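Values in this text are rule-based calculations from the coordinates and carry no lab data. For clarity, every value in this text was computed on a predicted model and none was experimentally measured. Ideal geometry is used to build each Cβ from the backbone, glycine not excepted, and the neighbour counts take in all protein chains shown.
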Amino acid sequence: MNTYETINKTANISDAVKYYWGYQYRLAAEVLIPYLSENSAFRNNDKVMEIGCAEGGVLAAFVEKGAANPTGTDIVTSRLESGKHITKIAGLSIDFVEHNVLEDVIPEKWLSSFDLVLLRDVIEHLEKPELALRNIYKLLKKGGHLFVTFPPYKSPFGGHQHTVNNTLGKLPYIHHLPNPIFHKLISSGRDNDIGEVKRLQKIKLSPEQFVYAAKRESFSVIKEDHYLLRPVFKMKFGLPAIPLGNIAKNKFIKNYVSMEASYLLRK
């Protein structure tokens, strides 16, 4: 029985935590690890960190593929505690640390320590993406890799309106409407999520802004991919990933059609 099966059959883990951990694990096992291995960004015994690791399902899959004592950080204590609980049950070695990549002091033991850092669907939430990239640069060994994914803000659900848990929030592109209309459409959703959606309206991260910030912080862009349907949609909805390929070179397609921008960077 592998780790995924073990966790799914464990009685003292809530169904919600199993769901989140499970799709994280599958995403890493089925998509991220093969992709990063093929592009020479992950090898056996590499030291891996995930920033915004939540329950740590991604890192669990990396451990099984040979990652050495990975580190997961997040700012949500409850999700880190769930990760610790699952990791203990699975008998894995993952270091979970509450840490804010923008605000907190970087522990000395992390400096120039990691072969690979993962930043999945986090950077679009950060008011200072350049500062985040600057701090991550300090974490990587020379020649180390950073893998980043995010939905471009102008894309169908780049405003994260789907997270507010109301019916109208499921509509694509409504975050492009004038604020009074958009805010009215999502007003019956959850307060915390509505607040985050309004905060993202000020950040509005685009692929061009991200690449500019990455190069400004001395990263080399090794690979850039865009998807009409995101790879994680297979785990969440049973839908196949649909890469956009060369048509994503078109600025309109890249910003308004691509539902995921992914970048492999190197220090």
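Given springs between every Cα pair under 10 Å in a Gaussian network model of the chain, which of Y153, Y137, Y212 has the largest fluctuation?
Most flexible of the set in this elastic network: Y212.
Please rank D74, D95, fewest neighbouring Cβ atoms within 10 Å first, as an exposure proxy.
Values: D74 22, D95 14.
Exposure proxy ranking, most exposed first: D95, D74.
Defining a contact as two alpha carbons under 8 Å apart and six or more residues distant in sequence, what relative contact order in percent does the range 157-202 show? Intermediate results must be reported in sequence, preceding the final value.
Details: 43 pairs, mean separation 19.5, N = 46.
Value for the range 157-202: 42 percent.
List residues of the range 69-104, by number, whose backbone nitrogen lies under 17 Å from a label position 7 Å along Cα→C-beta of L131.
Answer for this model: 75, 99-104.
Taking R0 as 45 Å, what FRET efficiency do you get between K198 and N45 from their Cβ-Cβ distance, rounded to the nearest 0.05? All intermediate terms of the calculation are to be shown ahead of the outcome.
Working: r = 44 Å, r/R0 = 0.97.
My answer for the efficiency is 0.55.
Hey, if you put +1 on the Cβ of every Lys and Arg and -1 on every Asp and Glu Cβ in the chain, which of L139, H85, H162 ends up farthest toward the positive end of that dipole?
Toward the positive end, the furthest listed residue is H162.
Provide Rg over Rh for the range 157-202; use the alpha carbon set for both Rg and the Kirkwood Rh (inverse mean inverse pair distance). Could you put the intermediate results ahead of the total?
Working: Rg = 8.8 Å, Rh = 10.0 Å.
The Rg/Rh ratio comes out at 0.88.
Treating the beta-carbon of each Lys and Arg as +1 and of each Asp and Glu as -1, no other charges, what is the dipole magnitude of the range 157-202 about its Cα centre, to the nearest 20 debye?
Working: 6 positive and 3 negative charges, 17 e Å.
The dipole magnitude comes to about 80 debye.
Please give the residues of the range 137-173, grouped as numeric ranges, whose backbone N is less than 16 Å from a label point set 7 Å along the Cα-to-Cβ vector of S188.
Counting only backbone N, you get 162-171.
Distance cut-off 22 Å, Cα to Cα: go down the list K65/K249; K184/K234; K65/K88; K65/K138; K18/K184 and report the pairs above it.
From K65/K249; K184/K234; K65/K88; K65/K138; K18/K184, over 22 Å: K65/K249; K184/K234; K65/K138; K18/K184.
Take S262, S155, S112 and order them by how many other Cβ atoms sit within 10 Å, fewest up front. Intermediate values should be presented prior to the final figure.
Numbers: S262 21, S155 24, S112 12.
Ordered from fewest to most neighbouring Cβ atoms within 10 Å, S262, S155, S112 come out as S112, S262, S155.
Which value at 222 nm does the chain reach when only helices count, each DSSP H run of 4 or more adding -39,500 (n - 2.57), with the total divided by all residues and rounded to the nearest 500 deg cm²/dmol?
Working: 10 runs with 94 residues, N = 267.
Calculated at 222 nm, the ellipticity per residue is -10000 deg cm²/dmol.
Past the 24 angstrom mark, what percentage of all C-alpha to C-alpha distances in the range 1-122 do you count? Intermediate results must be reported in sequence, preceding the final value.
Details: 1586 of 7381 pairs.
Tail of P(r) above 24 Å: 21 percent of Cα pairs.
Under a no-solvent Debye model with one identical scatterer per Cα of the chain, what's log10 I(q)/I(0) at q = 0.12, 0.15 Å⁻¹?
Treating every Cα as an identical point scatterer, log10 I(q)/I(0) equals -0.74, -1.19.
Going 7 Å from the Cα of T10 along its beta-carbon direction, which residues of the range 50-73 have the amide nitrogen within less than 14 Å of the resulting point?
55-61
Under 12 Å from the Cβ of V117, count the other residues' Cβ atoms, weight Lys and Arg +1, Asp and Glu -1, and hand me the total. Write out the running numbers ahead of the final one.
Working: positive: K47, R120, K138, K141, R266, K267; negative: D46, E50, D115.
Taking every Cβ under 12 Å from that of V117, the sum is +3.
Which value, in debye to the nearest 20, describes the size of the charge dipole of the chain about its Cα centre when Lys and Arg Cβ atoms bear +1, Asp and Glu Cβ atoms bear -1, and nothing else is charged? Write down the numbers at each step before the final one.
Details: 35 positive and 28 negative charges, 132 e Å.
Roughly 640 debye for the chain.
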